[in-house]
Every structure is written in structure tokens, then in C-alpha cells.
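Scroll down for the structure; my scribbles are underneath it.
The values are calculated or read from the model by the stated rules, or taken from the named source; none is laboratory data. Everything quoted here is computed from the prediction, not taken from an experiment. We place every Cβ from the backbone using ideal geometry, glycine too, and count neighbours over all the protein chains shown. Ligands, DNA and RNA are excluded from the accessible area calculation, which covers all protein heavy atoms including side chains. Shrake-Rupley method; radii C 1.70, N 1.55, O 1.52, S 1.80 Å.
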Amino acid sequence: MPQRPTLIAPSLLAANFARLADEVAAVQAAGADWLHLDVMDGHFVPNISFGPVVLRALRPLTRLPFDVHLMIAPVDAYLAAFAEAGADHILIHAEAGPHTHRSLQAIAGLGCKAGLVLNPATPALHAAPVLDMVDILLVMSVNPGFGGQKFLHSQLAKIAELRRMIDASGRDIRLEVDGGVDAHTAPLCIAAGADTFVAGTAIFATPDYAAAIASLRGLPA
Ligand code: DX5
Ligand code: ZN
């Protein structure tokens, strides 16, 4: 199968929150493909970040698709608010509740692309029964809740397994990786079959966002 272009989704969690508009403009100018927005509820994960009001404020400022990672349980009551606030992709966790299928249906019904997120301890097979409903599979390569954690190499085998499942399905599904992705770990993920990367620290903690994004794609800066 021909290699698809690698997409980069900077995670706003590592940006300067006092200058969010400037940060979004900077990653867009630096060549970002999507903007990754990490929503944390202080219940499903032990941290609190931001909600739809922040998406709504940023929406007019950028043409980048909003890749919205909901770390919320239960999530269903909040899906419409994120769609209305400007989400293009809504990603829910497989571990967030017993009704993954219903939540994915609801996301599609809101006109958004639907994504399923797998925590490090959740097997690839969890995605099999809903492969016909997802546009994105997101592998957590850290435990969700915080930026700046160390990449879990144990997730590479899962990425490879999901790549085989996606190829066998014949569907157009992005295989995204989130957590500890940098210029050293991204090539390992690409070799395993990933085609899309979330990166917070590896972009926003550097002085040159364009160089950081290029190096995540495996290109010279
Ligand atoms: C963690 C979030 C990530 C986080 C990644 O729960 O889902 O998107 O911002 O941060 P880095 O790239 O610093 O590991
Ligand atoms: Zn995320």
C-alpha cells in the first residue's frame, strides 16, 4: 500500500494559554495539518483543561480542522456542544463507557468525523466491531491526562495491528498517535503504520515550530 502523507496535529495543551490566538496562528503558519484540542474532565482523567467555549473563541481564527480529543465520561451529553463550537473531528475513548457504538453514531449524526481512542492497556481488537463507523483511530502512547510524558514503546505493536485491521477493511481511516511523539519516536510509529501525529511538547516547547513540524514528518527542518 502506498505511504500516505503524514499529518501533524499540534496539541494546544502545551501552548501558552495567555496567547492562544497567537499560538494557533503560529502553528498554522508553521505547516500544521490539524489542531488537536485535549478536553479533560477531572474524572475520566486526573486533570482539567478546557471546554467548548475555548473552541468557539478559536474557531474564527483558523482554517485548521479541529481534532477534538474528549477525555470525558460519560461523554454523550457533551457531543453536541463540541460540534456546535466548531469541532471537525470528535474522538471518544473506548474506556469512557459501555456505549461506544451509540456515541460514534451520535458524532456522525452531528456531521463530524468520528474517532475512537484506545488507552495503553486497551487492545486493538476493541476497535474491530466499530471499524465501519470510525474515520480516525487514535492510539494513546502515554496515559491520558498530561502532556510531556514518555512515549510507551509497548504501543508500537498495537499500531501495527491496527494498521493491518485498517488495510483489511479497505476503509479510509487515519491512524493517529498521541503522547510522547517527537523526532525520535515518530519514525518508529511510521514504520509500524501510523500516518498522523499529535504533538504538544515537541512543537510548543521549541523555538521554531516549522522546524519541529518538519522533523516530525521525517523531513529536514
Ligand atoms: C494527553 C493528551 C495529549 C498531550 C500530548 O492526555 O492527549 O494530546 O497533549 O502531549 P505531548 O506531545 O507533550 O506528549
Ligand atoms: Zn490528545
Running a GNM on the chain with Cα contacts under 10 Å, which residue among Ala32, Ala157, Ala124 ends up with the highest mean-square fluctuation? Ala157
Name the most mobile residue of Arg63, Arg19, Arg171, meaning the one with the largest mean-square fluctuation, in a Gaussian network model of the chain with Cα contacts below 10 Å. Arg19
Once Lys and Arg are counted +1 and Asp and Glu -1 for all other residues with Cβ under 13 Å from that of Leu64, the total becomes -2
For the chain, what is the calculated [θ] at 222 nm in deg cm²/dmol (nearest 500), taking -39500 (n - 2.57) for each run of four or more DSSP H residues and dividing by its residue count? -8000 deg cm²/dmol
Which of Leu137, Leu12, Leu61 moves the most in a Gaussian network model of the chain with Cα springs under 10 Å? Leu61
As an exercise, use a Förster radius of 30 Å and the Cβ-Cβ distance of Ala157 and Arg102 to find the FRET efficiency, rounded to the nearest 0.05. 0.50
Of Ile92, Ala29, Met40, which is farthest towards the positive pole of the chain's charge dipole, taken about the Cα centre with +1 and -1 on the beta-carbons of Lys, Arg and Asp, Glu respectively? Ala29
Rounded to the nearest 10 Å², the accessible area of Leu118 using a 1.4 Å probe with every protein chain kept is 0
Quick check for you: with a 1.4 Å probe and neighbouring chains kept, what is the accessible area per residue of the chain, in Å²? 43
Read phi for every residue in the range 190-207 and hand back ³J(HN,Hα) as whole Hz from Karplus 6.51 cos²θ - 1.76 cosθ + 1.60, θ = phi - 60°, with x for Gly and Pro. 4, 4, 7, x, 6, 10, 8, 10, 8, 8, x, 4, 5, 10, 6, 8, 10, x
Shape call for the range 72-221, from the Cα gyration tensor axes a ≥ b ≥ c (a/c under 1.5 means rounded, otherwise prolate when a/b beats b/c, else oblate), comes out prolate
For the range 110-126, Karplus couplings with θ = phi - 60° (6.51, -1.76, 1.60), whole Hz, Gly/Pro x: 8, x, 9, 6, 9, x, 10, 10, 10, 5, x, 8, 9, x, 4, 4, 4
What FRET efficiency do you get for Ala121 and Ala183 if R0 is 41 Å and r is their Cβ-Cβ distance, rounded to the nearest 0.05? 0.95
How high is the FRET efficiency from Ala191 to Arg56, r the C-beta distance, R0 35 Å, rounded to 0.05? 0.35
Two-site label geometry, Glu84 and Ile48: point separation in nm, points 7 Å out along Cα→Cβ: 2.2
Is the shape of the range 161-221 rounded, prolate or oblate, going by the alpha carbon gyration tensor and its root eigenvalues a ≥ b ≥ c, with a/c under 1.5 for rounded and a/b larger than b/c for prolate? prolate
State the Cα centre-to-centre distance between the range 59-76 and the range 6-47 in whole Å. 10
Find out how many positive minus negative residues lie around Asp167, taking Lys and Arg as positive, Asp and Glu as negative, among other residues whose Cβ is under 14 Å from that of Asp167. +2
Residue-span extension gain [Lys150 to Ala73] - 0.36 nm each, minus C-alpha spacing: 25.3 nm
Place a +1 charge on the Cβ of each Lys and Arg in the chain and a -1 charge on the Cβ of each Asp and Glu, then give the dipole magnitude about the Cα centre in debye, rounded to the nearest 20. 140
Quote the relative contact order of the range 7-216 in percent (integer), defining contacts as alpha-carbon pairs under 8 Å separated by 6+ residues. 20
Treating only the Cβ of Lys, Arg, Asp and Glu as charged (+1, +1, -1, -1), what charge dipole size does the range 48-146 show about its Cα centre? Round to the nearest 20 debye. 220
